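The values are calculated or read from the model by the stated rules, or taken from the named source; none is laboratory data. As the structure is a prediction and not an experimental result, all values here were calculated from the model. Glycine also receives a Cβ, built like all others from the backbone with ideal geometry; neighbour counts cover every protein chain displayed.
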Amino acid sequence: MHSTCSFLFLIVSTTLLFVTASGQDEACGAIAYGCGAHGRCRLDTQSCGSNCTERCICSDGFDGDDCSIRLDICPDTVSPDGARSCLHGGKCQQKDGGEWTCDCSSAKKGGKMYAGHQCEFAAQVSCEIGKVDSVHAFCTNGGTCNRMVESGEHHPLCDCDANWEGRHCQYAKGSRPVEEPVYAIPGPPAKEGISGGAIFGIVVVCLIVSVTGALYWMRSKGSFKSNIKMPSDYDAKPEPNIKEEVVEASSEFI
(Lines give C-alpha, C1' and ligand atoms only; values in the text may rest on other atoms or scores of the structure.)
Protein backbone atom coordinates (compact mmCIF):
# COMPACT_ATOMS: atom_id res chain seq x y z
CA MET A 1 0.00 0.00 0.00
CA HIS A 2 2.81 2.35 0.92
CA SER A 3 4.58 1.69 -2.38
CA THR A 4 1.37 2.40 -4.32
CA CYS A 5 0.88 5.76 -2.60
CA SER A 6 4.49 6.67 -3.23
CA PHE A 7 4.09 5.84 -6.91
CA LEU A 8 0.94 7.96 -7.22
CA PHE A 9 2.63 10.86 -5.40
CA LEU A 10 5.54 10.64 -7.81
CA ILE A 11 3.20 10.81 -10.83
CA VAL A 12 1.30 13.81 -9.46
CA SER A 13 4.51 15.65 -8.55
CA THR A 14 5.98 15.03 -12.00
CA THR A 15 2.82 16.30 -13.71
CA LEU A 16 2.74 19.47 -11.60
CA LEU A 17 6.42 20.08 -12.25
CA PHE A 18 5.89 19.74 -16.00
CA VAL A 19 2.97 22.17 -15.99
CA THR A 20 4.91 24.67 -13.90
CA ALA A 21 7.96 24.43 -16.14
CA SER A 22 6.10 24.81 -19.39
CA GLY A 23 3.85 27.66 -18.32
CA GLN A 24 0.22 27.91 -17.35
CA ASP A 25 -2.78 29.65 -18.82
CA GLU A 26 -4.17 32.36 -16.62
CA ALA A 27 -6.33 35.41 -16.96
CA CYS A 28 -4.36 38.42 -18.23
CA GLY A 29 -3.72 40.83 -15.41
CA ALA A 30 -0.66 42.86 -16.35
CA ILE A 31 -1.48 42.75 -20.06
CA ALA A 32 -3.88 45.67 -20.19
CA TYR A 33 -4.82 45.21 -23.84
CA GLY A 34 -5.67 41.51 -23.42
CA CYS A 35 -5.05 38.80 -26.00
CA GLY A 36 -8.12 39.36 -28.14
CA ALA A 37 -10.26 36.72 -29.78
CA HIS A 38 -7.33 34.83 -31.29
CA GLY A 39 -5.05 34.34 -28.29
CA ARG A 40 -4.82 33.36 -24.67
CA CYS A 41 -2.70 34.72 -21.88
CA ARG A 42 0.09 32.58 -20.48
CA LEU A 43 2.14 33.21 -17.39
CA ASP A 44 5.63 31.92 -18.14
CA THR A 45 6.87 30.29 -14.96
CA GLN A 46 9.89 28.48 -16.29
CA SER A 47 12.98 29.52 -14.32
CA CYS A 48 11.39 32.78 -13.20
CA GLY A 49 10.25 32.00 -9.68
CA SER A 50 7.74 34.58 -8.50
CA ASN A 51 8.80 37.21 -11.05
CA CYS A 52 7.07 35.82 -14.13
CA THR A 53 6.10 37.43 -17.42
CA GLU A 54 2.69 37.34 -19.02
CA ARG A 55 2.44 36.97 -22.78
CA CYS A 56 -0.15 36.05 -25.37
CA ILE A 57 -0.12 32.66 -27.07
CA CYS A 58 -1.74 33.20 -30.46
CA SER A 59 -3.87 30.77 -32.40
CA ASP A 60 -2.56 29.42 -35.68
CA GLY A 61 -2.57 32.10 -38.34
CA PHE A 62 -2.33 35.08 -35.95
CA ASP A 63 0.52 37.11 -34.51
CA GLY A 64 1.25 40.30 -32.57
CA ASP A 65 1.28 41.36 -28.92
CA ASP A 66 -2.48 40.91 -28.75
CA CYS A 67 -2.78 38.27 -31.51
CA SER A 68 -4.62 40.75 -33.75
CA ILE A 69 -2.31 40.48 -36.78
CA ARG A 70 -3.34 37.83 -39.28
CA LEU A 71 -0.32 35.99 -40.61
CA ASP A 72 0.30 36.02 -44.34
CA ILE A 73 0.61 32.36 -45.35
CA CYS A 74 2.50 31.94 -48.62
CA PRO A 75 1.67 29.26 -51.23
CA ASP A 76 5.18 27.84 -50.84
CA THR A 77 8.02 27.83 -48.32
CA VAL A 78 9.85 31.06 -47.52
CA SER A 79 12.62 29.72 -45.29
CA PRO A 80 15.11 26.84 -45.37
CA ASP A 81 13.22 25.03 -42.58
CA GLY A 82 10.06 24.87 -44.70
CA ALA A 83 8.03 27.63 -43.02
CA ARG A 84 5.39 29.37 -45.13
CA SER A 85 4.26 32.25 -42.94
CA CYS A 86 5.46 35.87 -42.81
CA LEU A 87 5.50 37.23 -39.27
CA HIS A 88 4.90 40.62 -37.63
CA GLY A 89 3.01 42.07 -40.57
CA GLY A 90 5.34 40.84 -43.33
CA LYS A 91 3.78 40.10 -46.72
CA CYS A 92 4.24 37.21 -49.14
CA GLN A 93 5.80 38.09 -52.46
CA GLN A 94 6.78 36.01 -55.46
CA LYS A 95 9.99 36.63 -57.36
CA ASP A 96 10.33 36.44 -61.13
CA GLY A 97 11.66 32.89 -60.85
CA GLY A 98 8.58 31.76 -58.95
CA GLU A 99 10.23 31.63 -55.52
CA TRP A 100 8.21 32.94 -52.59
CA THR A 101 9.74 35.22 -49.96
CA CYS A 102 8.57 37.57 -47.23
CA ASP A 103 8.56 41.32 -47.78
CA CYS A 104 9.56 42.62 -44.35
CA SER A 105 9.28 46.32 -45.18
CA SER A 106 5.88 46.32 -43.47
CA ALA A 107 6.95 44.06 -40.58
CA LYS A 108 6.91 46.26 -37.51
CA LYS A 109 6.03 45.65 -33.88
CA GLY A 110 6.40 47.97 -30.92
CA GLY A 111 8.10 50.57 -33.12
CA LYS A 112 10.84 48.14 -34.19
CA MET A 113 11.42 46.77 -37.67
CA TYR A 114 11.80 43.05 -38.30
CA ALA A 115 14.00 41.15 -40.73
CA GLY A 116 14.80 37.57 -41.73
CA HIS A 117 13.33 34.86 -43.91
CA GLN A 118 10.04 35.15 -42.03
CA CYS A 119 10.57 38.68 -40.65
CA GLU A 120 11.21 37.00 -37.32
CA PHE A 121 14.15 38.99 -35.92
CA ALA A 122 13.58 42.40 -34.30
CA ALA A 123 15.96 45.31 -34.83
CA GLN A 124 18.30 45.62 -31.85
CA VAL A 125 20.62 48.45 -32.85
CA SER A 126 19.86 51.59 -34.87
CA CYS A 127 22.60 52.82 -37.20
CA GLU A 128 20.85 56.15 -37.90
CA ILE A 129 21.97 59.15 -35.88
CA GLY A 130 19.17 60.54 -33.75
CA LYS A 131 16.83 57.59 -34.35
CA VAL A 132 16.23 55.00 -31.66
CA ASP A 133 14.33 52.82 -34.13
CA SER A 134 15.46 53.28 -37.71
CA VAL A 135 13.25 51.78 -40.41
CA HIS A 136 16.11 50.94 -42.77
CA ALA A 137 19.46 51.16 -40.96
CA PHE A 138 19.54 48.62 -38.15
CA CYS A 139 21.18 45.37 -37.00
CA THR A 140 19.72 42.20 -35.46
CA ASN A 141 21.08 39.11 -33.70
CA GLY A 142 23.88 40.95 -31.92
CA GLY A 143 25.23 42.69 -35.03
CA THR A 144 26.92 46.08 -34.80
CA CYS A 145 26.82 49.02 -37.22
CA ASN A 146 29.87 49.47 -39.42
CA ARG A 147 29.32 53.19 -38.92
CA MET A 148 26.56 55.62 -38.02
CA VAL A 149 24.73 57.42 -40.81
CA GLU A 150 22.74 60.61 -41.10
CA SER A 151 19.05 60.65 -41.94
CA GLY A 152 18.58 59.88 -45.64
CA GLU A 153 21.85 57.96 -46.01
CA HIS A 154 21.98 54.31 -47.05
CA HIS A 155 22.31 51.52 -44.52
CA PRO A 156 26.01 51.12 -43.65
CA LEU A 157 25.70 47.31 -43.24
CA CYS A 158 26.33 45.38 -40.05
CA ASP A 159 29.27 43.49 -38.63
CA CYS A 160 27.84 40.06 -37.76
CA ASP A 161 29.22 37.32 -35.55
CA ALA A 162 30.19 33.91 -36.88
CA ASN A 163 26.65 32.50 -36.78
CA TRP A 164 24.86 35.19 -38.79
CA GLU A 165 25.12 36.98 -42.11
CA GLY A 166 23.23 39.50 -44.23
CA ARG A 167 22.88 43.26 -44.42
CA HIS A 168 21.23 43.26 -40.99
CA CYS A 169 22.62 39.94 -39.67
CA GLN A 170 19.15 38.51 -40.16
CA TYR A 171 20.10 35.19 -41.79
CA ALA A 172 21.68 32.14 -40.21
CA LYS A 173 25.12 31.40 -41.63
CA GLY A 174 24.79 29.79 -45.07
CA SER A 175 21.09 30.68 -45.58
CA ARG A 176 21.45 34.14 -47.08
CA PRO A 177 19.47 34.43 -50.35
CA VAL A 178 21.18 35.41 -53.58
CA GLU A 179 19.07 38.55 -53.89
CA GLU A 180 18.82 40.09 -50.46
CA PRO A 181 16.00 42.61 -50.02
CA VAL A 182 16.89 46.21 -49.26
CA TYR A 183 14.82 48.42 -46.99
CA ALA A 184 13.87 51.69 -48.67
CA ILE A 185 15.12 54.97 -47.23
CA PRO A 186 12.11 56.97 -46.05
CA GLY A 187 11.51 60.21 -47.90
CA PRO A 188 11.35 63.62 -46.22
CA PRO A 189 8.12 64.30 -44.33
CA ALA A 190 5.52 66.31 -46.15
CA LYS A 191 5.60 69.99 -45.24
CA GLU A 192 2.47 71.39 -43.72
CA GLY A 193 1.01 74.52 -45.33
CA ILE A 194 -0.84 75.74 -48.39
CA SER A 195 -0.26 73.83 -51.60
CA GLY A 196 1.00 75.43 -54.79
CA GLY A 197 -2.40 75.14 -56.47
CA ALA A 198 -4.10 76.89 -53.58
CA ILE A 199 -1.55 79.73 -53.68
CA PHE A 200 -2.11 80.20 -57.42
CA GLY A 201 -5.87 80.37 -56.92
CA ILE A 202 -5.51 82.97 -54.17
CA VAL A 203 -3.27 85.13 -56.40
CA VAL A 204 -5.76 84.99 -59.28
CA VAL A 205 -8.66 85.97 -57.02
CA CYS A 206 -6.65 88.87 -55.57
CA LEU A 207 -5.81 90.15 -59.08
CA ILE A 208 -9.44 90.01 -60.18
CA VAL A 209 -10.60 91.87 -57.06
CA SER A 210 -7.87 94.51 -57.47
CA VAL A 211 -8.62 95.20 -61.14
CA THR A 212 -12.36 95.31 -60.51
CA GLY A 213 -11.91 97.73 -57.64
CA ALA A 214 -9.63 100.02 -59.67
CA LEU A 215 -12.09 100.18 -62.56
CA TYR A 216 -14.97 100.98 -60.22
CA TRP A 217 -12.99 103.78 -58.56
CA MET A 218 -11.99 105.34 -61.91
CA ARG A 219 -15.54 105.23 -63.18
CA SER A 220 -16.91 106.76 -59.97
CA LYS A 221 -14.43 109.66 -60.26
CA GLY A 222 -15.36 110.32 -63.89
CA SER A 223 -11.82 109.78 -65.09
CA PHE A 224 -12.69 106.73 -67.07
CA LYS A 225 -14.67 107.63 -70.19
CA SER A 226 -14.67 106.17 -73.57
CA ASN A 227 -13.05 108.28 -76.30
CA ILE A 228 -14.95 106.51 -78.99
CA LYS A 229 -17.98 108.40 -80.23
CA MET A 230 -20.99 106.57 -81.41
CA PRO A 231 -22.94 107.80 -84.46
CA SER A 232 -25.58 109.28 -82.18
CA ASP A 233 -22.95 111.55 -80.65
CA TYR A 234 -22.50 113.61 -83.86
CA ASP A 235 -24.88 116.50 -84.75
CA ALA A 236 -27.21 115.51 -87.54
CA LYS A 237 -26.88 117.75 -90.60
CA PRO A 238 -30.12 118.70 -92.42
CA GLU A 239 -30.56 117.22 -95.82
CA PRO A 240 -30.37 119.81 -98.65
CA ASN A 241 -33.69 121.04 -100.05
CA ILE A 242 -33.35 119.86 -103.60
CA LYS A 243 -36.66 121.43 -104.64
CA GLU A 244 -35.66 124.95 -103.54
CA GLU A 245 -32.30 124.68 -105.27
CA VAL A 246 -34.04 123.72 -108.54
CA VAL A 247 -36.42 126.71 -108.29
CA GLU A 248 -33.56 129.11 -107.66
CA ALA A 249 -31.63 127.76 -110.59
CA SER A 250 -34.63 128.14 -112.91
CA SER A 251 -35.26 131.75 -111.98
CA GLU A 252 -31.82 132.71 -113.14
CA PHE A 253 -32.77 131.88 -116.74
CA ILE A 254 -35.97 133.93 -116.79
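Quick notes on this structure:
- Taken together, the criteria exclude K131 from residues that are closer than 24 Å to H155 by Cβ, in contact (Cβ under 8 Å) with a residue 40 or more places away in the chain, of a type in the set (D, E, K, R) and out of contact with any Lys or Arg (no Cβ under 7 Å at 6 or more places or on another chain).
- Yes/no for S106 being of a type outside the set (K, R), touching a Gly at 6+ places or on another chain (Cβ under 9 Å), over 20 Å from P177 (Cβ atoms) and surrounded by fewer than 19 Cβ atoms within 10 Å (Cβ to Cβ): no
- Flag if E128 is within 30 Å of G111 (Cα to Cα), of a type in the set (D, E, K, R), surrounded by 12 or more Cβ atoms within 10 Å (Cβ to Cβ) and at pLDDT 95 or above: yes
- Top-ranked residue of the range 67-92 - restricted to ones that are within 21 Å of the chain's Cα centre (by Cα) and charged (D, E, K, R), ranked as modelled with the highest pLDDT: K91
- Inside the range 151-193, residues that are of a type in the set (D, E) and either at pLDDT 95 or above or not in a loop (DSSP other than H, G, I, E, B) (or both) make up a count of 2.
- Unique residue being free of Cβ contacts under 8 Å to residues at least 40 places away in the same chain and of a type in the set (F, W, Y) when the list is F138, F121: F138
- All conditions in (1) more than 30 Å from F62 (Cβ to Cβ); (2) surrounded by 15 or more Cβ atoms within 10 Å (Cβ to Cβ); (3) over 21 Å from the mean Cα position of the chain (by Cα) hold for T144, with the sole exception of (2).
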